[in-house]
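Written out below as structure tokens is the structure these notes cover.
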Amino acid sequence: MNLVAVIFSLLVGLFILVGSLIGISFKSNKKLTDLSISLAFGVIIGLIILELIPETFEILNGEIGTIRSVFVIIILSLIGIVILKILDLFIPHHEHEVHEHSKNINKSHLEHLAHIGIISSIALFIHNVIEGMSLYLITSSNITSGFLLFIGIGLHNIPLGLVISSTLTTSKYPKLKILRLSLLVSLSTFIGGICMMFMGGVDKLLEGILLGLTIGMLIYISIFELLHQIYHMKNKKLALTGVGIGVVILILSVICGNTVH
């Protein structure tokens, strides 16, 4: 067991908890919710394009070749979208008090925000388990490289934790439930690290398949959930600023990660 690698995989998940605590502390602040959604959209789009697709292609290309890799990534992404859509159908709308004079559109909006928080949590949990595996392996080989990857993952975990808590807070979820969910997601990298510690390694083809499915899940969140909210935001300048900052955060994260290689 590499103690430093285990500690890194545990601590990096706490960045999600930090983001969640920020969201909770501001209660039902609409501007913060809109900003967090925009940030998350920028981070996730950047994550898909700059990190996940290239990494998945690199892994699969070495296993099954270039043409097959492209085809398999597309198929896996579609499967990931379908999986998350199916899960979405089984997630009940959050029940909260709605006054008689409230418009249905307001209730629908709050329910959609709740869906974003829960669905994002599911996809991020799966994604971060894989990141925890990678972090453990790299830290076991080189502590300096592991630390840089630790910083990179942590940078994009904060806005993702923020979107989970801010959407659920606005949807009137109890703070304790939000903290429990955030804590569970924050432990996902640690779970990945522990799994890697016991397995000693993971089949490259399996890793590529898991990453491909994750791409699809994140596409579903960004396009069908977050982009829908951004489109209906009144403050477009805030939305664009959030997306831009999210992309910058992801680029810094990727730079830290690329320094590892």
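Taking the stretch 112-153 only, how many residues are closer than 14 Å to Ile7 by Cβ, polar (S, T, N, Q) and surrounded by fewer than 24 Cβ atoms within 10 Å (Cβ to Cβ)?
Total satisfying the criteria: 1.
Residue by residue, here is whether (1) modelled with pLDDT under 75; (2) closer than 20 Å to Ile255 by Cβ; (3) touching a Gly at 6+ places or on another chain (Cβ under 8 Å); (4) assigned to a helix (DSSP H, G or I) holds:
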residue: Pro54; (1), (2), (3), (4): no, yes, no, yes
residue: Glu63; (1), (2), (3), (4): no, no, yes, yes
residue: His109; (1), (2), (3), (4): yes, no, no, yes
residue: Ala123; (1), (2), (3), (4): no, no, no, yes
residue: Val129; (1), (2), (3), (4): no, no, yes, yes
residue: Ser140; (1), (2), (3), (4): no, no, yes, yes
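Which condition does Val202 not pass, out of (1) touching a residue at least 60 places away in the same chain (Cβ under 8 Å); (2) surrounded by fewer than 19 Cβ atoms within 10 Å (Cβ to Cβ); (3) assigned to a helix (DSSP H, G or I), if it passes all the others?
(3)
Scan (1) buried (at least 24 other Cβ atoms within 10 Å of the Cβ); (2) of a type in the set (Gly, Ala, Ser); (3) within 21 Å of Tyr220 (Cα to Cα); (4) modelled with pLDDT under 85 for the single condition Ser182 breaks and write down its number.
The single condition Ser182 does not satisfy is (4).
Looking at the stretch 212-223, which of its residues are under 28 Å from Leu113 (Cβ atoms) and either buried (at least 16 other Cβ atoms within 10 Å of the Cβ) or touching a residue at least 12 places away in the same chain (Cβ under 8 Å) (or both)? Write out each step before concluding.
Here is the first cut: in the stretch 212-223, the ones under 28 Å from Leu113 (Cβ atoms) are 213-223.
Answer for the stretch 212-223, where residues must be under 28 Å from Leu113 (Cβ atoms) and either buried (at least 16 other Cβ atoms within 10 Å of the Cβ) or touching a residue at least 12 places away in the same chain (Cβ under 8 Å) (or both): Leu213, Thr214, Ile215, Gly216, Met217, Leu218, Ile219, Tyr220, Ile221, Ser222.
Which members of the stretch 21-77 meet the condition of being charged (D, E, K, R), surrounded by fewer than 18 Cβ atoms within 10 Å (Cβ to Cβ) and touching a residue at least 12 places away in the same chain (Cβ under 8 Å)? Step through it out loud before you land on a result.
Step one: list which residues in the stretch 21-77 are charged (D, E, K, R), which gives 27, 30-31, 34, 51, 55, 58, 63, 68.
After this cut, where a residue has to be surrounded by fewer than 18 Cβ atoms within 10 Å (Cβ to Cβ) as well, the list is 27, 30-31, 55, 58, 63, 68.
Matches in the stretch 21-77: Lys27, Lys30, Lys31, Glu55, Glu63.
Of (1) small (Gly, Ala, Ser); (2) modelled with pLDDT of 90 or more; (3) within 24 Å of Ile230 (Cα to Cα), Ser69 satisfies all except one. Which?
Looking at each condition in turn, Ser69 falls short on (3).
Kindly list the number of the only condition in (1) more than 10 Å from the chain's Cα centre (by Cα); (2) assigned to a helix (DSSP H, G or I) that fails for Lys172.
If we test Lys172 against (1) more than 10 Å from the chain's Cα centre (by Cα); (2) assigned to a helix (DSSP H, G or I), just (2) comes out false.
Name the residues in the stretch 217-234 that are assigned to a helix (DSSP H, G or I), out of contact with any Leu (no Cβ under 6 Å at 6 or more places or on another chain) and not acidic (Asp, Glu), would you? Walk me through how you get there before you give the answer.
As a first pass, look at the stretch 217-234 and keep what is assigned to a helix (DSSP H, G or I): 217-231.
Now narrow it down to the ones that are out of contact with any Leu (no Cβ under 6 Å at 6 or more places or on another chain): 218-219, 221-231.
Leu218, Ile219, Ile221, Ser222, Ile223, Phe224, Leu226, Leu227, His228, Gln229, Ile230, Tyr231, listed by residue number.
The values are calculated or read from the model by the stated rules, or taken from the named source; none is laboratory data. What you see is a predicted model; the values in this text were computed from it and never measured. A quick note on method: Cβ atoms are made from the backbone with ideal geometry, for glycine too, and the neighbour counts reach across all protein chains shown.
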